[in-house]
1. Looking only at the stretch 18-59, which residues are of a type in the set (S, T, N, Q), more than 22 Å from P4 (Cα to Cα) and assigned to a helix (DSSP H, G or I)?
2. If I go through the stretch 6-57 residue by residue, how many of them are buried (at least 16 other Cβ atoms within 10 Å of the Cβ) and hydrophobic (A, V, I, L, M, F, W, C)?
Amino acid sequence: MPDPLYQRYQSADRAYQAHAESCGCCTRDIPECAGGKRLRETFERLQDAYLARLKQRTR
């Protein structure tokens, strides 16, 4: 069964990437508008949580 946290963080990345493609302000790596910043922050928060959990498992 796929890890739900991993799926959420990947989904957040896809949401940001889709936004960046259609937004005239945001780039693939740099959010410039409020919506892009919110999406990118969500992705980063979920990614950090996932990577922290992976670190705990390997200790």
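1. S22
2. 7
Read the figures in this text as sums done on the coordinates, not as results from a lab. Every value quoted in this text rests on a predicted model; they were computed, and no experiment measured them. Here the Cβ is made from the backbone with ideal geometry for all residues, glycine too, and neighbour counts use every protein chain on show.
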